[in-house]
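Presented below is the structure to which this report refers.
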Amino acid sequence: MIQACRARLQAVAGPLSNPGLLLARYLRTTDDQGAGKRTLFDQARSAQKHARDLYRLAYRRWEEDSAGASAMILSVRGRLVIGLGAESALETGLTLHHTYGVPVLPGSALKGLAAHYCDRVWGQQDPAFRRDSGPHYHELFGATDDSGHITFHDAWITPESLIAPNQGLVLDVMTPHHGLYYMAGPDDNAAPTDFDDPNPVSFLSVAGAFRVAVSCDVPGEVGDKWARLALKLLTEALGSWGIGGKTNAGYGRLRA
C-alpha cells in the first residue's frame with residue numbers, strides 16, 4: 001500500500017507548482033548516485049515558475065496588509081541559504097513558505113540578526129543601543145518585562161524573482177574535503193589530511209530580491225521614526241553580516 005501511494009505521488013510530481021511540497025514529499029526511494037535528488041531539484045526549480053501567478057496575488061495582498069510599515073526591496077548579492085541545517089531527507093534544508101513553497105526570510109531570523117548587530121556594532125558606538133542596559137535597544141527589541149515595539153515581518157521574495165534567469169531557487173554545491181573528520185566522535189582519532197577525498201554535496205540556494213518590512217505599534221510620527229530606524233539597522237546588518245548559513249563564504253548579503 002505504501003509503495004502504491006509513493007508510485008501515485010511520483011506520477012503527479014511533474015506539474016506541481018509548490019516547490020516546498022516537492023522537496024518534502026517527492027524524493028525517490030531508490031536513488032542512483034544522487035540522480036533522484038538532482039531530478040527533484042530540477043522539478044522544484046520548474047515548479048516555482050508555475051507558482052508565480054498564484055503567489056503574485058498573495059504577495060500583493062501581503063503588500064496591502066503591510067502598507068503602513070517601513071519597507072524596502074533588497075536584492076541578494078550572490079546567493080543566500082537559510083535553514084541549511086534543518087532536518088531533511090535531502091541532507092540540506094531550506095526555509096520555504098509553508099503555503100506557497102517559495103523562499104522566505106522569517107521575521108524571527110531578521111529580528112535576531114538585527115538585535116545582535118545592534119548590540120555588537122551600534123552598541124559599541126552608542127551605549128543606548130547595547131543589549132544589557134540600552135534604552136534604545138529595549139524600545140526596539142524588548143526586555144524581560146517588555147516585548148518591544150517593533151514587528152519584523154517575514155521578508156517575501158518578489159514574484160519576478162521566481163521566473164527571472166538564475167533567480168529564485170538555484171542549484172548550488174558545497175564540497176567538504178574532510179568528511180570523516182567532521183563526522184568523527186570525541187573518541188575517534190580521525191584527523192583532516194591532504195589525502196582526503198572531496199565529497200560534493202548539491203543543494204538549493206536562493207537568489208533574487210526580497211521585500212523587507214518592519215512596523216512599530218506606536219501610532220503617529222514617533223512610531224514611524226522608530227520603524228525607519230529599525231529598517232536602517234536591519235538593512236545595514238543584512239548588508240554587512242548577511243543572514244542564514246555560509247555567511248563566512250559570502251552568502252546571505254542583501255543590499256538595495
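Contact map, region 150-174: residues that are closer than 29 Å to G223 by Cβ paired with residues that are of a type in the set (S, T, N, Q), Cβ distance under 9 Å, separation 6+ or inter-chain. Pairs shown: I150/S215; T151/S215; F152/S108; F152/S215; H153/S66; H153/S215; D154/S108; I157/Q167. Mind checking which residues of region 220-243 are crowded, with 21+ Cβ neighbours inside 10 Å and either of a type in the set (D, E) or in a loop (DSSP other than H, G, I, E, B) (or both)? G242, I243 - these are the residues of region 220-243 that are crowded, with 21+ Cβ neighbours inside 10 Å and either of a type in the set (D, E) or in a loop (DSSP other than H, G, I, E, B) (or both).
Here's the yes/no breakdown for (1) touching a residue at least 12 places away in the same chain (Cβ under 8 Å); (2) closer than 22 Å to L234 by Cα:
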residue: D53; (1), (2): no, no
residue: E64; (1), (2): no, yes
residue: A67; (1), (2): no, yes
residue: S70; (1), (2): yes, yes
residue: R79; (1), (2): yes, yes
residue: G83; (1), (2): yes, yes
residue: L90; (1), (2): yes, no
residue: T95; (1), (2): yes, yes
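Scanning region 33-72 for residues that are modelled with pLDDT of 90 or more, loosely packed, with under 13 Cβ neighbours inside 10 Å and of a type outside the set (K, R) returns D53, L57, E64, D65. Just a yes or no: is a residue in region 172-182 exposed (fewer than 14 other Cβ atoms within 10 Å of the Cβ), at pLDDT 95 or above and under 24 Å from the mean Cα position of the chain (by Cα)? Scanning region 172-182 turns up no residue that is exposed (fewer than 14 other Cβ atoms within 10 Å of the Cβ), at pLDDT 95 or above and under 24 Å from the mean Cα position of the chain (by Cα). Residue count for region 126-138, restricted to those that are in a helix (DSSP H, G or I) and farther than 12 Å from L233 by Cβ: 4.
In the list S202, S215, which residue meets the criterion of being among the hydroxyl-bearing types (S, T, Y), in contact with a strand residue (DSSP E or B) (Cβ under 9 Å, 6 or more places away or on another chain) and at pLDDT 90 or above?
Exactly one of S202, S215 is among the hydroxyl-bearing types (S, T, Y), in contact with a strand residue (DSSP E or B) (Cβ under 9 Å, 6 or more places away or on another chain) and at pLDDT 90 or above, namely S215.
For region 82-122, the set of residues classified as modelled with pLDDT under 95 and among the charged types (D, E, K, R) consists of E87, E91, listed by residue number. In region 133-147, the residue that is least open to solvent (accessible area, probe 1.4 Å) out of those that are more than 16 Å from V222 (Cβ to Cβ) and acidic (D, E) is D146. Any chance region 225-247 includes a residue that's modelled with pLDDT of 90 or more, within 22 Å of A86 (Cβ to Cβ) and of a type in the set (V, I, T)? Within region 225-247, one or more residues are modelled with pLDDT of 90 or more, within 22 Å of A86 (Cβ to Cβ) and of a type in the set (V, I, T). Got at least one residue in region 153-169 being within 16 Å of A115 (Cβ to Cβ), modelled with pLDDT of 85 or more, part of a loop (DSSP other than H, G, I, E, B) and polar (S, T, N, Q)? No, that holds for no residue. Report whether or not L110 is part of a helix (DSSP H, G or I), in contact with a strand residue (DSSP E or B) (Cβ under 8 Å, 6 or more places away or on another chain) and in contact (Cβ under 8 Å) with a residue 40 or more places away in the chain. It is true that L110 is part of a helix (DSSP H, G or I), in contact with a strand residue (DSSP E or B) (Cβ under 8 Å, 6 or more places away or on another chain) and in contact (Cβ under 8 Å) with a residue 40 or more places away in the chain.
The values are calculated or read from the model by the stated rules, or taken from the named source; none is laboratory data. The shown structure was predicted, so the numbers you read here are calculated from the model rather than taken from an experiment. Quick reminder, even Gly has a Cβ in these numbers, built from the backbone with ideal geometry, and neighbours come from all protein chains shown. Accessible surface areas use protein heavy atoms only, side chains included; no ligands, DNA or RNA. Shrake-Rupley method; radii C 1.70, N 1.55, O 1.52, S 1.80 Å.
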